[in-house]
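See below for the structure under consideration.
Nothing in this text is a laboratory measurement; each read-out follows from the coordinates by a stated rule. All values derive from a computational prediction rather than experimental measurement. All Cβ positions, glycine included, derive from the backbone under ideal geometry; neighbour counts span all protein chains shown.
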There are 2 protein chains.
Amino acid sequence: MSDSAVNLAEKLALIDEHWSPRVIAEMNDIQFKLARLAGEFVWHQHDDTDETFLVLEGQLRIEFRDHVIELEAGEMTVVPRGTPHRPVAEAEACVMIIEPRGVVNTGEAGGELTAENDRWI
Amino acid sequence: MSDSAVNLAEKLALIDEHWSPRVIAEMNDIQFKLARLAGEFVWHQHDDTDETFLVLEGQLRIEFRDHVIELEAGEMTVVPRGTPHRPVAEAEACVMIIEPRGVVNTGEAGGELTAENDRWI
């Protein structure tokens, strides 16, 4: 894949599930994932890594224990490691998630929204 | 900065130089940089890391010794470590560069287009 252009819109069109990140590229041990989000995710945290959200379409709210970050398309934020957070998308949001290979989407919380890793599109 | 939304368009508006990447976010040891590119860069390589280019506005061509990758807005690619490459923008392109902290933009080549690192906006 490193020898070609990766088109984000074309990759997004291949995703038909919510909360199911798909890998589109890797840089060293970092994965670039696309996901369609809708509704409320679970509260969770990642103790060993920061996690980056870049909104491509729609709006994403990331709730923290003591504040909220509202992200529009074209906006990003980095959730610091060890920080409880909950992504919420009132309507569908398309996002790029950037984080090290192997990170589980629900962190330590687990549950039915836990997605399989390393699903490339 | 991790406690707020980073708006890419607002950050790009702060940049008035070409080939001068500015840091907008960090995730672990990875930096997210924005840059305005115009014209031909120097041939160079990064022996210790892959390097990610995501085009936000315009078009970017990345030349390799034996092929070329053409990137439109909304497209990305990862240049593998140790691979000689040359970014070329016929007209101005706005890009996000994602790579580990400390990577020098001209790699081993150096020269007058070498940019200062860790310039945050």
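Tabulated data
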quantity	calculated
Where A:His46 falls short, out of the listed (1) surrounded by 18 or more Cβ atoms within 10 Å (Cβ to Cβ); (2) more than 10 Å from chain B (Cβ to nearest Cβ); (3) not in a loop (DSSP other than H, G, I, E, B)	(3)
Checking A:Ser20 against (1) touching a residue at least 12 places away in the same chain (Cβ under 8 Å); (2) at the interface with chain B (Cβ under 9 Å from one of its Cβ atoms), the condition it does not meet	(2)
Failed condition for B:Pro84, given (1) within 11 Å of chain A (Cβ to nearest Cβ); (2) more than 14 Å from the chain's Cα centre (by Cα)	(1)
Region A:23-43 - residue that is more than 12 Å from the chain's Cα centre (by Cα), of a type outside the set (A, V, I, L, M, F, W, C) and within 11 Å of chain B (Cβ to nearest Cβ) and, of those, surrounded by the fewest Cβ atoms within 10 Å (Cβ to Cβ)	A:Asp29
Of all residues making up region A:57-72, the number that are closer than 14 Å to A:Pro87 by Cβ and either touching a Cys at 6+ places or on another chain (Cβ under 7 Å) or not basic (Lys, Arg) (or both)	10
Hits in region A:76-115 (condition: buried (at least 21 other Cβ atoms within 10 Å of the Cβ), free of Cβ contacts under 8 Å to residues at least 40 places away in the same chain and not polar (S, T, N, Q))	A:Met76, A:Val78, A:Val79
Criterion violated by A:Leu60 - all others in (1) in contact with a Leu (Cβ under 8 Å, 6 or more places away or on another chain); (2) farther than 19 Å from B:Ser4 by Cα satisfied	(2)
Condition broken by A:Gln59, with the remaining ones in (1) of a type outside the set (Lys, Arg); (2) at the interface with another protein chain (Cβ under 9 Å from one of its Cβ atoms); (3) more than 17 Å from A:Asp16 (Cα to Cα) satisfied	(2)
